[in-house]
Every structure is written in structure tokens, then in C-alpha cells.
Amino acid sequence: MTDLASTTMNAKKAGRISKALADPNRLVILKEIKKRNDCLYCVEITDIIDLAQPSICHHLKQLTDSEIIVGEKEGRNVKYKLNNEVMDEYIAFLQSLKTE
């Protein structure tokens, strides 16, 4: 494998993503976004996860700050999508750590 993964993602960014993925609630959110064809509205998350709104906002902030998901304003609602480019870079970074 080439060093391409290390040039597109540095260890600091990979660490931020790893931290964001370390919480089970955030993984549930990501799975739901994927299950719903890459589109999940903020208001739908409260039906999926039994948490208070401030906690859900915290989880969404962690995911958006790490750039794993992208929020898109639609009127009064926010629609979340997976950032496949960042996910691919993260996976490539992890794969570059494997020994062959």
C-alpha cells in the first residue's frame, strides 16, 4: 500500500474520528443514516435513541466536528448525511497501519 493514506489524513484527524466513533450512541446514529439512504433528520434521532435533546446535540456535534457526517439545513430542519470521502480516508489510514 502506498503512503497516500498518510497524506490525505493525519494522525490528529484520525484520532478525532476514532474518539467520535468510540461512543455506541454515535455508531447507532451512523447506522441509521446509512439505513435511511444517507439521510437522517435531527428530529428523527430522538425516536431512535432514548436521550435528551442536549445529549443528542452533543453526539451530532462530535460527529460533525470530526467530519464523519455533514449537516444540511432544510428549512427549519437539519438533514445529516455520511461524509463518504472522510470515511474512505479514515479507512485507508487504518489500513496503512496494518503490516503485510
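Computed from the coordinates by the stated procedures, all read-outs in this text should not be read as laboratory data. Keep in mind it's a predicted model, so treat the numbers as computed, not measured. Cβ atoms come from the backbone with ideal geometry, glycine included; neighbour counts cover every protein chain shown.
Per residue, the chain reaches -18000 deg cm²/dmol at 222 nm when only DSSP H runs of four or more residues are counted, each adding -39500 (n - 2.57). Going toward the positive end of the dipole of the chain, with +1 on Lys and Arg Cβ and -1 on Asp and Glu Cβ, which of 60, 30, 9 do you reach last? Farthest towards the positive end: 60.
For the pair residue 50 and residue 65, the difference between a 0.36 nm per residue extended length and the Cα-Cα distance amounts to 3.2 nm.
Pairs of Lys residues in the chain are counted when their Cα atoms are under 17 angstrom apart and they lie 8 or more places apart or on different chains; the count is 14. Label point of residue 13 set 7 angstrom out along Cα-Cβ; within segment 26-52, no amide nitrogen lies under 18 Å from it. Kirkwood analysis of the Cα pair distances in the chain returns a hydrodynamic radius of 14.3 Å.
Working from Cα pairs under 8 Å separated by at least six residues, relative contact order for the chain is 37 percent.
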